[in-house]
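Down below is the structure, laid out as structure tokens.
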Amino acid sequence: MRQSRQVWLVACAVVVGGFLVLAGCAGGKKEVEDPTTQGAKLSVSSSAFNEGESIPRKYTGEGDDVSPPLKWGSLPAKTESVALLVEDPDAPKGTFTHWVLFNLPASTRDLPETASGGKLPKGAVQGTNDFGKTGYGGPKPPKGKAHRYYFKVFALDKKLDLDAKARRADLDSAMRGHVLAEGALMGTYQHAGK
């Protein structure tokens, strides 16, 4: 009888202790943080479209399918390289990655139009997008509502040991714990309906 009471008291202590730990974690913070978004904030912009505006057809899979011009703010002093992701979180089967780009020199503050087509700084590497191709693949959503496209820029404290076969998951893993600052520009695009 005494032993069963001790077991019951230990079980109660574990439950109460677990509750207190959970309550302590609920102080307005996320329970699980995205390891790629723990740095300072960067401003990201484009001369082709503003935050929340429609991306011009030229930069989509229904147009010329070229990457748009992008620009970002100053980077932290310890930045060793810059990475960029373009993603569509509204894709039917989950987030779809349109561009994986990394090892841009720390001195890089912008990318010109069509950078993906050969106008990248020396040392920059384009990974494999979810179309299965290297480089930029513009928005090309199915018919229906407009999709959101996020152009995310990351300042990193190291260069990444990845090659052009690298996909989104590889980049996420390599950036883990190395993000000094990050920012994003969101544009939308809706199927032209032809």
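Miscellaneous remarks
- On the stretch given as the range 91-120, residues that are in contact with a strand residue (DSSP E or B) (Cβ under 8 Å, 6 or more places away or on another chain), at pLDDT 95 or above, of a type outside the set (A, V, I, L, M, F, W, C) and on the phi < 0 side of the Ramachandran plot total 7.
- Within the range 64-94, the residues that satisfy the criterion of being more than 16 Å from Leu171 (Cα to Cα) and of a type in the set (Val, Ile, Thr) are Val66, Thr79.
- If you go through the range 119-153 and keep only what is buried (at least 19 other Cβ atoms within 10 Å of the Cβ) and among the basic types (Lys, Arg), you end up with just Lys152.
- Residues (part of a loop (DSSP other than H, G, I, E, B) and over 12 Å from Phe102 (Cβ atoms)) located in the range 165-176: Lys165, Arg176
- Per the listing Lys133, Lys158, Lys165, Lys143, the residue uniquely in the same structural domain as Asp64 (by TED's automatic domain parsing) and within 18 Å of Ser67 (Cβ to Cβ) is Lys133.
Yes/no per residue for (1) modelled with pLDDT of 95 or more; (2) among the polar types (S, T, N, Q); (3) on the phi > 0 side of the Ramachandran plot; (4) touching a Pro at 6+ places or on another chain (Cβ under 8 Å):
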site: Thr128; (1), (2), (3), (4): yes, yes, no, no
site: Lys140; (1), (2), (3), (4): no, no, no, no
site: Lys145; (1), (2), (3), (4): no, no, no, no
site: Leu156; (1), (2), (3), (4): yes, no, no, no
site: Asp172; (1), (2), (3), (4): yes, no, no, yes
site: Arg176; (1), (2), (3), (4): yes, no, no, yes
site: Met186; (1), (2), (3), (4): yes, no, no, no
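- Within the range 112-144, considering residues that are free of Cβ contacts under 8 Å to residues at least 60 places away in the same chain and in contact with a His (Cβ under 9 Å, 6 or more places away or on another chain), the one nearest to Gly183 (Cα to Cα): Asn129
- Leu85 being within 23 Å of Lys41 (Cα to Cα) and of a type in the set (A, V, I, L, M): yes
- Within the range 58-110, the set of residues being aliphatic (A, V, I, L, M) and either under 17 Å from Gly183 (Cα atoms) or not assigned by TED's automatic domain parsing to the domain that holds Pro141 (or both) comprises Leu70, Leu75, Ala77, Val82, Ala83, Leu84, Leu85, Val86, Val100, Leu101, Leu104, Ala106.
- Test result for Ala48, small (Gly, Ala, Ser), modelled with pLDDT of 50 or more, part of a loop (DSSP other than H, G, I, E, B) and within 30 Å of Gln190 (Cα to Cα): yes
- The range 54-98, residues that are among the acidic types (Asp, Glu) and exposed (fewer than 14 other Cβ atoms within 10 Å of the Cβ): none
The values are calculated or read from the model by the stated rules, or taken from the named source; none is laboratory data. A quick note: this is a predicted structure, and the numbers were derived from the prediction, not measured. Because the Cβ atoms are built from the backbone with ideal geometry, glycine has one as well, and the counts that use them run over all protein chains shown.
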